[in-house]
Amino acid sequence: MSKKRYHPLSIFFHWLVFLLVVAALGVIELKGQFVKGSEPRELCKTIHSLLGQLIFIAMVLRLGIRMIYGVPKRSGTSLLFSHLATAMNWLLYCLLLTLPIMGLIFLQAGGKEVQFFNWTLPQVLSPDPSIKKVFKELHEWLGNALYFLIGIHALVALWHHYILKTDTLLRMLNKYDPESK
């Protein structure tokens, strides 16, 4: 595989994670439209939890694929912007791995069982309202920060594509032809 383009599995998992994150953020925003304790609100929370778990699994697979196949060298950017882009990617990876773990912790600290489809995840900690409060607030704060970081990530990709005219976005859309350069 040429180091001028992303491996197709890297592209697949990038967009899969994107769709899962959009769905998770959308369903948790929808939750606020329903009365506390109502069936639709509880369903939104259940779907959000399942999507978070799927994001975690997809991110682990994505990082494994990154380790196996690597990433192409960035083109058309200074060394400073290349380092900033790398830092942004790793920050997003960390958040996308950490947020589901925090969700699991605050749910279990609240005394709730966490389901993955029909399987109950092992209880890793005892109910503790103070732990629940801290991790719930941190989960929500970092989830809101994720909106901001995803926006920056998307704007920079568009800036590269339309202003700098680099191949950055094309490579993640699998439309990059290294032979045309």
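The values are calculated or read from the model by the stated rules, or taken from the named source; none is laboratory data. Only a predicted model underlies this, so the values are computations on that prediction, with no experimental measurement involved. Here Cβ is always computed from backbone atoms with ideal geometry, including for glycine, and neighbour counts include all displayed protein chains. Note: areas computed on protein heavy atoms with side chains; ligands, DNA, RNA excluded. Shrake-Rupley method; radii C 1.70, N 1.55, O 1.52, S 1.80 Å.
Side notes on the structure shown:
- GNM top mover of Ser82, Ser49, Ser38 - the chain, alpha-carbon springs below 10 Å: Ser38
- The distance separating the Cα centre of the stretch 56-87 from that of the stretch 89-107 comes to 18 Å.
- Among Leu51, Leu164, Leu107, residue whose mean-square fluctuation peaks in a GNM of the chain (springs only between Cα atoms under 10 Å): Leu164
- Three-way shape label, the stretch 80-153, alpha-carbon gyration tensor, a/c 1.5: prolate
- Chymotrypsin sites (Phe, Trp or Tyr not before Pro) restricted to DSSP loop in the stretch 80-172 with at most 16 other C-beta within 10 Å: Phe117
- Carbon + sulfur, % of accessible area of the stretch 1-159 - ligands and nucleic acids excluded, 1.4 Å: 72 percent
- Accessible surface, per residue, of the chain when the full set of protein chains is kept, probe 1.4 Å, Å²: 63 Å²
- Degrees, to the nearest 10: 8-31 long Cα axis against longest axis of the chain: 40 degrees
- Principal semi-axes of the equivalent ellipsoid, √(5λ) from the alpha carbon gyration tensor of the stretch 32-162, are 33, 17, 14 Å from largest down.
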